[in-house]
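Single-structure report; data block below.
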Amino acid sequence: MKKLGIITLVIGLASMTSFAQEDGRIEKTEKKEREKLTPVERAEKRTKHMTKTLSLTEVQVAKVSEINLAHAKEMEKLHVEMKALKEKLKSEKESTRSKVDAVLTADQKLIVEQKKEERKEKKAERRKDCCKE
């Protein structure tokens with residue numbers, strides 16, 4: 001009887017774990033779909049969701065649709081600006097690193113590379129530890 005209880009417990013835990021993992025996959029898929037939508041499509045989708053959830057009237061739907069469209073367009077603009085800033089940040093970091101490398105000796109460059117590898121390893125460890133939970 002004890003064996004049957006243990007087996008049931010193990011199967012139950014395994015099934016709960018598999019359901020939890022599926023949820024993460026769904027979220028990633030939804031995120032990819034959201035990224036592919038145009039601002040107009042995102043605004044329409046959001047308005048439909050709000051209409052269904054909040055039982056909006058026709059007048060409210062029109063106003064909310066306008067608001068959502070303006071918001072979606074502004075967010076698209078901000079995302080483009082953020083992407084440009086990230087690229088500028090990356091090029092600035094590379095420029096600074098190359099200037100510093102020009103000043104360092106070969107031994108110092110070796111130390112910098114070793115430290116860089118150590119940071120990569122620590123980051124990988126943190127990711128491993130994070131995903132265990």
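The values are calculated or read from the model by the stated rules, or taken from the named source; none is laboratory data. It should be emphasised that the depicted structure is a prediction, and the values quoted were computed from it without experimental measurement. As a convention, Cβ positions derive from the backbone with ideal geometry for all residues, glycine included, and neighbour counts pool all protein chains shown.
For every residue, the table says whether it meets (1) polar (S, T, N, Q); (2) surrounded by 10 or more Cβ atoms within 10 Å (Cβ to Cβ); (3) at pLDDT 95 or above.
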position: 38; (1), (2), (3): yes, yes, no
position: 60; (1), (2), (3): yes, yes, yes
position: 74; (1), (2), (3): no, yes, yes
position: 97; (1), (2), (3): no, yes, no
position: 125; (1), (2), (3): no, yes, no
position: 128; (1), (2), (3): no, no, no
position: 131; (1), (2), (3): no, no, no
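Output the number of residues of region 53-71 satisfying the condition of being over 15 Å from residue 42 (Cα atoms) and among the acidic types (Asp, Glu).
Residues in region 53-71 being over 15 Å from residue 42 (Cα atoms) and among the acidic types (Asp, Glu): 1 in total.
Give the residues of region 111-125 that are within 24 Å of the chain's Cα centre (by Cα) and either closer than 20 Å to residue 97 by Cα or not assigned by TED's automatic domain parsing to the domain that holds residue 101 (or both), sorted by residue number. So that I can check it myself, show each step before the final result.
Applying the first criterion (within 24 Å of the chain's Cα centre (by Cα)) to region 111-125 yields 119-125.
119, 120 - these are the residues of region 111-125 that are within 24 Å of the chain's Cα centre (by Cα) and either closer than 20 Å to residue 97 by Cα or not assigned by TED's automatic domain parsing to the domain that holds residue 101 (or both).
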